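The block underneath contains the structure these notes are about, expressed in structure tokens.
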Amino acid sequence: MFDWIAFDADDTLWKNEETYLQGREQFLQILAAYGLGESDLEQVDVFEVENLQYYGYGVMSFVLSMIEMAIHLTGESFHPKDIQKLLDLAKEMLSAEVEVFEGVPLLLERLSENYPLMLITKGDLFHQQRKLRSSGLTDFFGTVEVVSDKSPDVYRQIMDRYRIDPDRFLMIGNSLRSDIIPVLKLGGWTIFLSGHLSWSHEENPLDQIPQDRFLEVKNINQVLSSLDRLGKQRG
Ligand SMILES: [Mg+2]
């Protein structure tokens, strides 16, 4: 049915966004000492999205954006000991053990019997490689692509490199913006995990998605049964 099945990694195979939400909580505690609160925190996203062009996706971008925002919000009176706390938080986030979603190893084992599996993940190369090693899932993937962004161009380059026909390619992920829309644009097939957490920057209105090569399921454990449905859709 497909020549390749590709997976996103963060919040598709293992927990990720939760770590950022916890990081935000710690940041909030630090900001409280300066009389700043929850509503000020919303600006982290603004700073981070603005900073993507410099730092790309990942923990470093998140933490540098928090520091920049804190300096800005405190009128440059953010204390070096608090900067140190945020740098410690970055190291903690970067070295945290990966928590793989229940059912993932079994799913990958089953699928890898019939399909070559590819991992396509974006972010910091060093951190992504570390998370993959820590997940224990490396051996299921014949191909691992760590990219700085997930644009249609990036997917096209990957497909060209491995001589993949988009019509024979399935991408599974939790982000409409990064995993689903660009692949649909190229004529590929997609399964969207709508019950998995994702960063608000990655959200996109569902009604703008063409439905003919798209399937929405709640979580990763519904992927295997949904493959049959997708096959029927494919005709
Ligand atoms: Mg993801």
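The values are calculated or read from the model by the stated rules, or taken from the named source; none is laboratory data. For clarity, every value in this text was computed on a predicted model and none was experimentally measured. Cβ atoms come from the backbone with ideal geometry, glycine included; neighbour counts cover every protein chain shown. Each accessible area value is taken on the protein alone, full model and side chains, heavy atoms only, with ligands, DNA and RNA left out. Shrake-Rupley method; radii C 1.70, N 1.55, O 1.52, S 1.80 Å.
Some observations on this one:
- Whole-percent carbon and sulfur share, accessible surface of the chain, 1.4 Å: 49 percent
- With 0.36 nm allotted per residue and the present C-alpha distance subtracted, the T74-V46 stretch has 8.4 nm of extension available.
- Between 0 and 90°, nearest 10: helix 80-95 axis offset from the chain longest Cα axis: 20 degrees
- The stretch between T143 and E203, if pulled fully straight at 0.36 nm per residue, gains 18.9 nm over its current Cα-Cα span.
- Structure remark: mean-square fluctuation, Gaussian network model of the chain, C-alpha springs under 10 Å; the largest value among Y34, Y155, Y57 belongs to Y34.
- Residues in the range 17-95 average 54 Å² of solvent-accessible surface per residue, probe 1.4 Å, ligands and nucleic acids excluded.
- Angle of helix 152-161 to the longest C-alpha principal axis of the chain, folded into 0 to 90 degrees and rounded to 10: 50°.
- DSSP-defined antiparallel bridges as percent of all bridges, the chain, nearest 5: 5 percent
- The longest stretch of the chain left intact once loop-based GluC sites (Glu not before Pro) with at most 12 other Cβ atoms within 10 Å are removed from consideration, loops following DSSP, is 114-202.
- Counting only protein heavy atoms and using a 1.4 Å probe, the accessible area of R234 comes to about 60 Å².
- Cα-based shape type of the range 137-235, given that a ≥ b ≥ c are square roots of the gyration tensor eigenvalues and the cut on a/c is 1.5: rounded
- Entries of K15/K185; K15/K232; K122/K185; K15/K122; K15/K131 with Cα pairs more than 21 Å apart: K15/K185; K15/K232
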